[in-house]
Amino acid sequence: MSVAAKPLNSVAQVTIAGVGLLGGSVGLALRAAGYAGKIVGVGRRREVLEVAKQRGCIDAIAGDIAEAVAMQTEHELDHLIVLCSPLGTFASLFEAIAKVDHDNLFITDAGSTKAQVCADAKRLLPDPSRYVGAHPMAGSELHGPQHAKAELFKGRLCILTPEGTDCEHEAIGIVNDFWLTLGMKLTVKTPAEHDRLVAAISHLPHAVAVLLVQLPALLPAISIAAACFHDTARIASGGPRVWTDIFSTNKTAMLESIDQFAAALAKFRGVIESGDEPALTKLLEDAKHARDTWLKATWGE
């Protein structure tokens, strides 16, 4: 699928709830792609929103969802709300949207887990068919609109979870166009499938990075750590509040991934303990081949 020449031409306003790294990058990417509508930022901290506005991530600041929706007076035009705040805020945001809902209001999100978010949307929104869950596979350990960049999403994968939304529904087209406009590639999963897969390739690695930082800090050995440790443990610098929400809302899949990793670690330990160097070399070669193949296919490296 290609990016539309006139991106989101049916959407008069995009409201971004949570204008940090992701939300700020959404605003910059929209403008870079030629979006001509209004971009409004909603958030808890006025100073963060002011930084986002100064950087051109948003055009206007709203105190809450109701104020943002009221800024678009012509309800016959489409309005897209993008939830980019921590997962723990989503339920209250759905409740706020429900109070000002109208037929041309559409919702998507950038949340890292999907099963609970989709269930909350179904439970709290008057018409959940106008919500299409999404997870843009892009980000950084940095946070705040000061680190936002228009190219953050280019060429990256966005996983859509349109549970309960008919494939012919207008919401699918609007949300597809939105993420394509940011330069993303799209794939579709069920919420449960998304959570299981992302636990393995994103959430578990973060947990491992946290533990990798804790061990040398206890020895203590962190004072002599160099580039390898810097690269391996980089994601442990992610926002603690964000990751608390992720682990809490993806508990079942995380526990399954941890159990699988524990079994793999036990196997690795057994190979080292046995002194079986050919088996150890084979494990290392298999991992190198898998990663090299992924790098070439995904990043062209």
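The values are calculated or read from the model by the stated rules, or taken from the named source; none is laboratory data. Just so it is clear, the structure is predicted and the values come from calculations on it, not from any experiment. Cβ: placed from backbone, ideal geometry, glycine included. Neighbour counts: every protein chain shown. These accessible areas exclude ligands, DNA and RNA; they are computed on the full protein's heavy atoms, side chains included. Shrake-Rupley method; radii C 1.70, N 1.55, O 1.52, S 1.80 Å.
What the table shows:
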read-out: Residue check, residue 14 aliphatic (A, V, I, L, M) and under 21 Å from residue 184 (Cβ atoms); value: yes
read-out: Filter pass, residue 155 being more than 20 Å from residue 107 (Cβ to Cβ) and out of contact with any strand residue (DSSP E or B) (no Cβ under 9 Å at 6 or more places or on another chain); value: no
read-out: Tabulated pairs, the range 37-56, first over 18 Å from residue 82 (Cα atoms), second not in a helix (DSSP H, G or I), C-beta under 7 angstrom, 6+ apart or interchain; value: 55/148
read-out: Selected residue (criterion: modelled with the lowest pLDDT) from residues of the range 145-180 that are over 20 Å from residue 15 (Cα atoms) and of a type in the set (Asp, Glu); value: 168
read-out: Breaking point among (1) modelled with pLDDT under 95; (2) under 30 Å from residue 115 (Cα atoms), for residue 300; value: (2)
read-out: Residue within the range 256-264 that is closer than 16 Å to residue 207 by Cα, open to solvent by 100 Å² or more (accessible area, probe 1.4 Å) and under 23 Å from the mean Cα position of the chain (by Cα) present; value: no
read-out: Residue in the range 74-121 that is nearest to the chain's Cα centre (by Cα), counting only those that are of a type in the set (D, E, K, R) and under 23 Å from residue 202 (Cβ atoms); value: 109
read-out: Enumerated helices (runs of 4 or more DSSP H) restricted to the range 231-301, each holding at least 1 residues that are touching a residue at least 40 places away in the same chain (Cβ under 8 Å); value: 240-249, 251-274
read-out: Those residues of the range 85-119 which are more than 21 Å from residue 170 (Cα to Cα) and assigned to a helix (DSSP H, G or I), in sequence order; value: 87, 88, 89, 90, 91, 92, 93, 95, 96, 99, 115, 116
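Residues checked against (1) at pLDDT 95 or above; (2) among the aromatic types (Phe, Trp, Tyr); (3) closer than 26 Å to residue 36 by Cβ:
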| position | (1), (2), (3) |
| --- | --- |
| 64 | yes, no, yes |
| 74 | no, no, yes |
| 80 | yes, no, yes |
| 84 | yes, no, yes |
| 95 | yes, no, no |
| 106 | yes, yes, yes |
| 109 | yes, no, yes |
| 114 | yes, no, no |
